1. Looking at the range 641-658, is at least one residue in a helix (DSSP H, G or I) and either among the basic types (Lys, Arg) or under 30 Å from residue 102 (Cβ atoms) (or both)?
2. Mind listing whichever residues of the range 659-691 are farther than 24 Å from residue 101 by Cβ and assigned to a loop (DSSP other than H, G, I, E, B)?
3. Which fully enclosed helices (runs of 4 or more DSSP H) of the range 66-139 have 2 or more residues being at pLDDT 90 or above and closer than 20 Å to residue 162 by Cβ?
4. Return the residues of the range 410-421 that are touching a residue at least 12 places away in the same chain (Cβ under 8 Å) and more than 12 Å from residue 362 (Cβ to Cβ); say none if nothing qualifies.
5. Count, please, the residues in the range 643-680 that happen to be within 26 Å of residue 435 (Cα to Cα) and either surrounded by fewer than 20 Cβ atoms within 10 Å (Cβ to Cβ) or hydrophobic (A, V, I, L, M, F, W, C) (or both).
6. Here are 393, 401, 410: which of them is under 18 Å from the mean Cα position of the chain (by Cα), in a helix (DSSP H, G or I) and of a type in the set (D, E, K, R)?
7. Report, ordered by the first and then the second residue, all pairs with beta carbons closer than 8 Å, sequence separation of six or more or different chains, a first member in the range 223-248 that is over 26 Å from residue 288 (Cα atoms), and a second member that is surrounded by 15 or more Cβ atoms within 10 Å (Cβ to Cβ) and charged (D, E, K, R).
Amino acid sequence: MAQSPVEGRGATVQELLSNKKYKLDYYQREYSWSRKDVVALLQDLERRFIREWRPTHSRRETIGYAPYFLGPIVCYQTPDAAFLVDGQQRLTTLHLIVVYLRRLLEEQDLDQDAKGLDPMIYSTRHGETTFNIDIPERNEVLNAFLRGLAHTLSADASLSVRNLYERARDIEEDFPASLRDEALPFFHDWLLDRVCLVSIDALDREHGWEIFETMNNRGARLSPVDLLKSYLLARAETGRRQLNDLWRRMIAELSRHGVDTPSEFVKAVLIAKFAAFDADSTDPVEIDRGFHEWVRKNEARLELRTADDFRAFVEYFLVPLSRQYSALKDAAAMLVHGMEAVFHTARLEVVDPLPPILSALRPDDSDEVFEEKSRRIAGYLDLATTLKIVNNRSLLPHQVRPEVDELTVRLRSAEGLEGLTGLLEAEAATLPDDFSGVDRLSLQPGNWAQVRYVLARLTSFVEVASGRPDLIAVYLDDPQPWEIEHVWPRAFPRYQAEIMTTEAFEDFRERLGALLLLPAGDRLPDEHTTKIDHYREQNLLAASLHPETLAAEPEFARFVAEHDLSEVFRPWPDHFGLDAIQIRQRLYRRLCELIWRPELLGLRPENTPPNRATVKRSRRKARYGVEIADLIEAGMIEDGTELYGHRKKHTYTARVTEGGRIRLPSGQTFDSVSRAAAVALNVKACNGWDFWRAGSDATGTLLSDLRRDALQQGLME
């Protein structure tokens, strides 16, 4: 039998990148992935990994984790290198992720793992060291990214290089917090050995492009949507032509509204309306893998019994909901009047607002009821999520998801707008926090995107309330991202009289009250009196630091007076010191309380107590992992326990507070032991379970040992 001239072989990420050399032909397109593409890849990797990992696993157990297939690449070989024909976007991004992974491993003192990545990043041949994706114009950015990205691009940098620099920044800022700490070495092993691609070797350049065109332009298999349609129409028995026409118009309409695939809509509806989310349920996974088969197996749950039921499911259920889903997709992608909360919540990329909203919708809802339901549910999700942000609570998609799933199920039974409002008011009244956390909120490893979101909302609110246009979409979606600006330059000696230690200086420099949102790329002087002249030309939140702004902006002055903000909305023309930061922190807290007022969310203030911190609620058990609160419930640790951490001749302290949170000496409080450790050490990644010791001094018991003992004794699941 003749051997095929085209060879395709599966390869792990480690096999594809280690000691390999890839180049691009001159005709290849630029590196063009967007932030959205990078975030989607990071979230896919996180979701697949977290599905398998448990803190009690050994690293060897990652060998048995389910593999994840990332698609094919096409290349042709030359004596010096493999030339990429297809897949350079994906492979370039994986290369950037590996570079950043190396930096995180070094911060956790996992030096052997970090150095083990070097052959995947660069290699030396004939005395010359080059990056494994060998494109000389990218070297400057890649070298900077290896060192920490403190780098300014040259003015003549190409579009591809600029985009590479921005995507490297995105990885640094959006790398999932759940993968930075205890899970980091496990994720390292899984990414290298269980994430796979197929490498297709072409004979030459022309042959490579033939393969590429064949893969992308020819042939179309039946999709799950096609299979579902065939099944539903067959069981409807009559009126199939009309149902088919309805179905085709539904698919066309979804496409016009930016729905990536019709499958996305069908999955969203089935999960929102019918899926079970209890610990034993496999519904979400089965719907994701093959929803046409899931529908066949769950006819009774969907009340599909007669031919009339099948016709109605298409005509009076799926088709009307597809219109509502299209409108929600529009509202999530751009500001729609009356549904701004959908856009806001979608931008956080932690909670997907569409499933909870869909769960409460009825196919016969009027446009007014549809908009009001969407606004109230998205507004509640925005409130609950923002409260987590400002109180340093865990804000990882897999940790928030159980709460959102529970809410989704409850919303299914909400009767009308009144019933929905009452349900959301009851939820809001039991949220465990208020906005007092803003007083201590600061920029930390892993929360850059969340702090930027809060700053964007504050900035937009002040602008709109002062008669200016709403630029929230620009602040959050601009291709050249707006940057977080530190009012304090990195110049400790200048502030040493107010703040005695460099650690305290770094802490207050990162506080929310010392931060602004400005366009990317602006280079500002260090001197405050010169810098605020630049702020004067920016948004009003920044311009308010200048003494002339209030008099020059009558609408802004009216807003300040109307809400009695003059004491905290003060200019600071000469010196922005420690007292200024603390007053600005109070200003930002007051603005948060104005933005997230219950009545603006469609909820009645009298049913949502303003001081939610006084309300007790039962703690929802996470589906994954162990928290300090679990150790308290198991009797392994007590409220008030002192924690000690030691690294490089320095000792760090913290205290366990009521509710199982960890408070640092700065007053910052965290759900996550690892995040508390990372902030204490001022690093991007730290395994807090192997850093903190509980006891009267630094010789106490590691939290990881307490967790292991509790699990072995059966005190925790």
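1. Of the residues in the range 641-658, the ones in a helix (DSSP H, G or I) are none.
Within the range 641-658, not a single residue is in a helix (DSSP H, G or I) and either among the basic types (Lys, Arg) or under 30 Å from residue 102 (Cβ atoms) (or both).
2. Of the range 659-691, the ones farther than 24 Å from residue 101 by Cβ are 659-669, 671.
Of everything in the range 659-691, those that are farther than 24 Å from residue 101 by Cβ and assigned to a loop (DSSP other than H, G, I, E, B) turn out to be 659, 660, 664, 665, 666, 667, 668, 671.
3. Working: elements: 88-107, 111-116, 118-121.
It comes to 88-107.
4. Across the range 410-421, the qualifying residues are 410, 421.
5. The initial filter retains those residues of the range 643-680 that are within 26 Å of residue 435 (Cα to Cα), namely 653-680.
Cutting the leftovers down to either surrounded by fewer than 20 Cβ atoms within 10 Å (Cβ to Cβ) or hydrophobic (A, V, I, L, M, F, W, C) (or both) gives us 653-660, 662-667, 669-670, 673, 676-680.
Qualifying residue count, the range 643-680: 22.
6. Details: 393 fails: in a helix (DSSP H, G or I); 410 fails: under 18 Å from the mean Cα position of the chain (by Cα).
It is 401.
7. 238/311; 239/311
Table: residues versus (1) among the aliphatic types (A, V, I, L, M); (2) more than 35 Å from the chain's Cα centre (by Cα).
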| position | (1), (2) |
| --- | --- |
| 300 | yes, yes |
| 305 | no, yes |
| 321 | yes, no |
| 326 | no, no |
| 331 | yes, no |
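The values are calculated or read from the model by the stated rules, or taken from the named source; none is laboratory data. Quick caveat: nothing in here was measured; it's all calculated off a predicted structure. All Cβ positions, glycine included, derive from the backbone under ideal geometry; neighbour counts span all protein chains shown.
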